[in-house]
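Colleague: One structure is given below, represented as structure tokens, and several questions about it will come after.
FYI, it's all coordinate maths here, none of it is from the lab. Model, not experiment: these values are computed from the prediction. Backbone-built Cβ (ideal geometry, glycine too); neighbour counts: all protein chains shown.
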Amino acid sequence: MSSSHATTAPVPSTPSSFLSDGHSLKSWLLTLDHKRIGILYLLGVSFFFLLGGLFAMLVRLELLTPAGDLMLPDTYNRVFTGHGVMMVFFFLIPAIPGSLGNFLIPLMIGTRDVAFPRLNLLSWYLFMAGGILTLFGVINGGVDTGWTFYPPYSSTYTTTNVMIVGIGVFINGFSSILTGVNFMVTIHRMRCPGMTWFRLPLFVWGHYATALIMVLGTPVVAITLVLLILERAFHFGIFDPARGGDPVLFQHLFWFYSHPAVYIMILPSMAVISEIIAAFARKRIFGYHFVAFASIAIAVLGFFVWGHHLYVSGQSVYAGTIFSLLTMLVAIPSAIKVFNWAFTLYQGSIALEMPLFYALGFIGLFAIGGLTGVALATLGFDVHVHDTYFVVGHFHYVMVGGTIMGYLGGLHFWWPKITGRLYNQFWSYVSALLVFVGFNLTFFPQLLLGYMGMPRRYHSYPEEFQVLNVLSTAGASVLAVGFILPLCYFLLSLRRGAPAGDNPWGARGLEWETASPPPTANFAEIPSVTREPYDYYEHAQEQAAAAVRPSSAH
Amino acid sequence: MNFQIPFVPVQASEFAGDVDRLTFFLVGMTTVFTVLICVMIVVFTVKYRRRSADEVGSSFENSALLEITWTVIPLLIVLFTFGWGLKVFFRLSRPPASAVNYYVSGKQWMWKIQHPTGQREINELHVPLGQPTRLVMNSEDVIHSFFVPAFRVKADVVPGRTTSLWFTPSKTGRYHLFCTEYCGTEHSKMIGTVVVQEPDDYQAWLAGAPAPKSPGGAGELLFAQYACDTCHRAEPGGRGPALSGIFGTEVALAGGGTVIVDDAYLRESILTPTAKIVQGYEPLMPTFQGQLSDEALAQLLTYIKSLSSMRVAAATARLPAPSPVPPNPATSQGIAR
Amino acid sequence: MSHSQSSALAHHFDSLEQQKEAATLGMWLFLVQEIMFFGGLFMCYLLYRWKDAEAFAAGSHELSIRLGGFNTIVLIASSLTMALGVRAAQTGRQKALVRWLLGTGFLGLVFLVVKYFEYREKWEHHLIPGDQFHFAGPVGDRAHMFFSLYFAMTGMHALHMIVGIGVLVWLLRKCLKGQFGAHYYNPVENFGLYWHFVDIVWIFLFPLLYLIGRHYHAGG
């Protein structure tokens, strides 16, 4: 891609980077710069991730022994609910779009900011407000319904802080919706000259598909929470059988959002993987159009499969049949992506740097997670394993083995761009190894436990399940260390890391053609684009030709 | 099956084998594809590792044939999987006409089961080998789920509607029964046992009520049958006050005031438990109004009073009925009435 | 470009036209998610009415078609005044714009006042859902679900009206400062989209809540 004429007046001279453009707290908390907002999100999601992780450690500690001897059952129920709520709503959904998406999308499409910078800042405040309110509810009394809030337990029986947490999640939903609107409008309307849809990096395609789900799906969970709150506060009876209501209706409404929500969690991660593989194989992603359309297909198809959460919940056999078939279909675009990534590596020029480790780890673990998903979609199998640890194992494979691998890979890939610093390689390898080993040790036993019959959300369990639970807890301890290490070496790199330079990986992409860290206005002049993305081969040809003809080299 | 595959529960129903065979296929398919993908990645990464700083990859970046291959083959595999799963599911969902109906009621945090011949059980289900058995279920409060891993079958139990599941037991033995839809505090303790017996043994079981083993008598049996010991344990720390030694004492109430634990208070606590709650406890006790005859209530009161004139050993096990130390007036301790 | 024109252009956009297209697309996307939001409520209505149509008819029969119909006309009129306001902005007629916006806000308030009286009447007749609910008629407490949905749906709608009126006030203040004209009236137009949407929701609510009980009579 070549930068040519400017389409707007060049930006007057400014501080050298967005990081040094204002040091006061106010300049951060009232920023309209998408890059700073991305960092605010990074801080926010890291905070909630640590809290959610703390709850997870408490759960795993309790499950070391068959007896419920570490905490009272009520406490345990609040702890696992806190883990689920914090992780799902305040980490998995906002993490990649909020931090990496916000930071990179304007850079990747060659513009100065997102379409609605003030709305972007509002999104962050809504996220933090919702998160803090929810945290307050979780810590000050707690909620013990599970993150799925099924009535009648959540509407009529529990005495815990369902309302506060419900409102906190509702507020956070607005954050999601506004981010989705912002991304979609930005991608539609603010691409730089020459940036056609099929010249967009796949990171952008992935976030567009994610934004579609955010906009279409989140309002449904919003109204569901409203109805639950009305039920709890005023006894509206929408889900109360005593007043003619149906508790299973809640499950339909809840999962209508919450299933597409899992694609909000995985699509951005897949988007990161595409960028990393292209960069470290120095090759265009194989089947670019197929991968782009596969993202959209996942987003669309994902809206039609929610009933696979209700196979044994009182849904009819025929509904189960249709949902099972549709769920099988949604697996196919994911399979297409995995094979296209693998074939990108074929005849690539591969440098096994840290981000690529995470990307390859993602592919292997996502394969297992996705295929256990196909298993769960299978009616005859799901009856046995529904609501057991098999489901817990499955979703952790896709959300930790999938989403978090992508997130960590993305952080390791773009950290030099965001901060201008390189991090310690040795410790990054150590932490990746710990994450990989710890992860599998934690969650593979859970797949086995589930088939053996251990139910979910159990505070105590029969003795024969203990060995696998101990393995799982051991794994979780290793995983915890693996997650804490990056916190240390990333922060240290801010002080002691070597300067990264504009393009430490030798990658192609508009974000690598500006400084590290980028200036506030992103580019001195708005670029214009003449080629497809990941133009390693074409660029190398061009360089070689230029070297041969000295008179045209300058 | 003669040998026990690790991590697979005993196959104790006629269709458990069907489910397991489907599972083996799913495990196999998962393994094959995961290994295939991992091998591809590893081989490519090693074979095409970067050999010089400026090296780039080739321009081989699309192939309609490959796209079609890895779209169509996975599609065929998932459709096949869908079909097989559907077949097993239909078998799990369609009880034969000859199935015998048992009635199950789930409530926080116990399973109440009634045999077609009228016998009732709490947290246990006796069934005869080889009899197609259908469970017709409802919930008295929140959503629960009836799960027997050895049978490979489960169904949610939902208030306001009736759900069902069926199975034909194919192996005698005792198998776990779990509640597997989160239902509140004691969700993990809403467990029990399915006891599959030879038909003769089952008939024998049906015919005789379990004989009381101690002078605690019918009241003690009721105390176990109605799972009072779920919350009123012998040791302190349960969800409800420990009952040994409580009769005749004065207790502080939540909300102020005190009451003497006499017959009237005990009776009120069983029939309208939220009327006077002991301080420090939550209003969790369900009412037994309408579930106990006057005679049964009287027997329960006799038993509870007897707990104040003897020590009771840990009585948290529900099966079989607890056998506490028989009262010995010569060595009685605790508060005499 | 005039001073007011150049100050209307945000720094990250290349042109006023790009900015306008972005804002309009943003508003349309926001309205799509509003459709999904109300859609959840309409789904509940659909299912529960299918389950017990008689109870819904009985409940609907209790609502005042006159008041509901009056409110429908009021809202449609307010959409008209809004559209005329957008037209006034488009053609640079400041005073007309302010007048039409005031008219829209006034009609919106009329709607809310009528709603208040309707709600109060429900409260007096013990038709507020919850523990005090009592329906005097053969269907008895079966009507509870209808009223729960009635309050949830009209309540959500009223909330959207209140927010709309709040935004209208903000818009009016900008109008009075002369910030809109033929070159730049996009916020007025986008607000108009929102207002029309809220009107359309009511146009679905009115027949589904008020008109399905027209031929109901107890005992048949």
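Colleague: Taking the mean number of other Cβ atoms within 10 Å as a proxy for protection, how do you rank C:149-158, C:8-17 from highest to lowest?
Modeller: Listed from highest to lowest mean packing, they are C:149-158, C:8-17.
Colleague: Quick check on packing: order A:402-412, C:99-109 by the mean number of other C-beta atoms within 10 Å, highest mean leading.
Modeller: A:402-412, C:99-109
Colleague: Under 19 Å from a point placed 7 Å out from the Cα of B:I68 along the Cα-to-Cβ direction: which residues of the stretch A:327-347 have their backbone N that close?
Modeller: A:333, A:336-337, A:339-340
Colleague: Count charges around A:F413 for me, please; just the other residues with Cβ under 11 Å from its Cβ, Lys/Arg as +1, Asp/Glu as -1.
Modeller: So the environment of A:F413 carries a net charge of -2.
Colleague: Under the definition of Cα pairs under 8 Å and six or more residues apart, what whole-number percent is the relative contact order of the stretch C:100-153?
Modeller: Over the stretch C:100-153, the number comes to 20 percent.
Colleague: Next up: Taking θ as phi - 60°, what are the ³J(HN,Hα) couplings along the stretch B:61-67 by the Karplus curve (6.51, -1.76, 1.60), each to the nearest whole Hz, with x for Gly and Pro?
Modeller: Couplings: 10, 7, 6, 4, 4, 4, 4 Hz.
Colleague: Taking every residue in A:228-236, how many Cβ atoms of other protein chains lie within 10 Å of its Cβ, on average?
Modeller: What the average comes to for A:228-236 is 4.
Colleague: Taking R0 as 35 Å, what's the FRET efficiency between C:V113 and C:T91 from their Cβ-Cβ distance, rounded to 0.05?
Modeller: The calculated FRET efficiency here is 0.65.
Colleague: Going by a ≥ b ≥ c, the root eigenvalues of the Cα gyration tensor, does the stretch B:215-317 fall in the rounded group (a/c under 1.5), the prolate group (a/b larger than b/c) or the oblate group?
Modeller: Rounded.
Colleague: Show the residues, 5+ positions off or on another chain, whose built amide H is closer than 5 Å to the amide H of A:G146.
Modeller: Amide H neighbours of A:G146: A:T81.
Colleague: Tell me, what is the FRET efficiency for B:T274 and C:E54 to the nearest 0.05, using R0 = 51 angstrom and their Cβ-Cβ distance as r?
Modeller: With R0 = 51 Å, the Cβ-Cβ based efficiency is 0.90.
Colleague: Quick one: 3J(HN,Hα) in Hz for the stretch B:292-305, Karplus 6.51/-1.76/1.60 with θ = phi - 60°, rounded, Gly and Pro as x.
Modeller: Working through the residues one at a time gives 10, 6, 4, 5, 5, 4, 4, 5, 4, 4, 4, 5, 5, 4 Hz.
Colleague: Okay, next question. Could you tell me what % of all Cα pairs in chain A have separations over 36 Å?
Modeller: Across chain A, Cα pairs with separations above 36 Å total 32 percent.
Colleague: Give me the net charge of A:S313's neighbourhood, meaning all other residues with Cβ under 12 Å from the Cβ of A:S313; Lys, Arg count +1, Asp, Glu -1.
Modeller: That works out to -3.
Colleague: Write down the percent of antiparallel bridges among all DSSP beta bridges whose residues are both part of the protein assembly as shown, to the nearest 5.
Modeller: Within the protein assembly as shown, antiparallel bridges account for around 70 percent of the total.
Colleague: A further question on this structure: If you average the C-alpha positions of the stretch C:143-196 and of the stretch A:460-505 separately, how far apart do those two centres end up, in angstrom?
Modeller: Their Cα centres are 48 Å away from one another.
Colleague: Shifting gears a bit: Would you list the P(r) distribution for the stretch C:103-198, with all Cα-Cα distances sorted into 5 Å bins from 0 and each bin expressed as a whole %?
Modeller: Whole-percent P(r) values from 0 Å outward: 2, 11, 18, 17, 13, 10, 9, 7, 5, 4, 2, 1, 0.
Colleague: Another question, if that's okay. Output the relative contact order of the stretch A:25-546, whole-number percent, from Cα pairs under 8 angstrom with separation of 6+ residues.
Modeller: Computed value for the stretch A:25-546: 17 percent relative contact order.
Colleague: Still on this structure, I have one more. In the stretch B:2-153, what percentage of the DSSP-assigned beta bridges are antiparallel, given to the nearest 5?
Modeller: DSSP beta bridges in the stretch B:2-153 are roughly 55 percent antiparallel.
Colleague: For the protein assembly as shown, what is the calculated [θ] at 222 nm in deg cm²/dmol (nearest 500), taking -39500 (n - 2.57) for each run of four or more DSSP H residues and dividing by its residue count?
Modeller: Result for the protein assembly as shown, helices only: -19000 deg cm²/dmol.
Colleague: Expected output is a single nm value to one decimal: the length gained when fully extending between C:E121 and C:M43, i.e. 0.36 nm times separation in residues minus the C-alpha distance. What is it?
Modeller: 25.4 nm
Colleague: Per 0.36 nm of contour for each residue apart, how much would the distance between B:D54 and B:R267 grow if the chain were fully extended, relative to their Cα-Cα spacing?
Modeller: This chain segment gains 68.0 nm when fully extended.
Colleague: Relative contact order for chain C: what percent, with Cα pairs under 8 Å and sequence separation of 6 or more?
Modeller: Averaging sequence separation for qualifying contacts and normalising by length gives 35 percent for chain C.
Colleague: Just checking the output field for C:19-25: average partner chain Cβ neighbours within 10 Å of each residue's Cβ?
Modeller: Average neighbour count from other chains, rounded to a whole number: 4.
Colleague: Of C:K122/C:K177; B:K112/B:K305; A:K26/A:K337; B:K154/B:K305; C:K115/C:K174; B:K87/B:K189, which pairs sit farther than 31 Å apart, going by alpha carbon to alpha carbon?
Modeller: Flagged as over cut-off: C:K122/C:K177; A:K26/A:K337; B:K154/B:K305; B:K87/B:K189.
Colleague: Also, quick follow-up: Net charge near C:G59: determine it from the other residues with C-beta under 15 Å of the C-beta of C:G59, scoring Lys and Arg +1 and Asp and Glu -1.
Modeller: With Lys, Arg at +1 and Asp, Glu at -1, the neighbours total 0.
Colleague: Highest mean first, what order results for A:252-263, A:534-545 on Cβ atoms within 10 Å?
Modeller: For the peptides A:252-263, A:534-545, the packing ranking is A:252-263, A:534-545.
Colleague: Just to confirm my numbers, what's the Cα centroid distance between the stretch A:230-285 and the stretch A:77-118 in Å?
Modeller: Here the answer is 15 Å between Cα centres.
Colleague: Along each principal axis of its Cα atoms, how long is the stretch A:293-333 end to end? Whole angstroms, biggest number first, please.
Modeller: 35, 12, 10
Colleague: Taking the Cα centroid of the stretch B:46-110 and of the stretch A:167-229, what is the distance between the two, rounded to the nearest whole Å?
Modeller: Between the Cα centres of the stretch B:46-110 and the stretch A:167-229 lies a distance of 28 Å.
Colleague: Follow-up question, since we're still on this one. What shape does the protein assembly as shown take by its C-alpha gyration tensor, where a ≥ b ≥ c are the square roots of the eigenvalues and a/c under 1.5 counts as rounded, a/b above b/c as prolate, and the rest as oblate?
Modeller: Cα axes put the protein assembly as shown in the oblate bin.
Colleague: What fraction of the DSSP beta bridges in chain B is antiparallel, stated in percent and rounded to the nearest 5?
Modeller: Antiparallel bridges: around 70 percent, rounded to the nearest 5.
Colleague: Per-residue mean of other chain beta-carbon atoms within 10 angstrom of the beta-carbon, peptide C:26-39?
Modeller: Going residue by residue through C:26-39 and averaging, the value is 6.
Colleague: OK, next. Apply the a/c threshold of 1.5 to the C-alpha gyration tensor of the stretch B:143-241 and tell me whether it is rounded, prolate or oblate.
Modeller: Oblate is the answer for the stretch B:143-241, as a/c is 1.5 or above yet b/c matches or exceeds a/b.
Colleague: Show the residues, 5+ positions off or on another chain, whose built amide H is closer than 5 Å to the amide H of B:S13.
Modeller: Sorted by chain and number, the residues that satisfy this are B:S170.
Colleague: Treating only the Cβ atoms of Lys and Arg (+1) and Asp and Glu (-1) as charged, compute the dipole magnitude of the stretch B:1-156 about its Cα centre; round to the nearest 20 debye.
Modeller: 200 debye
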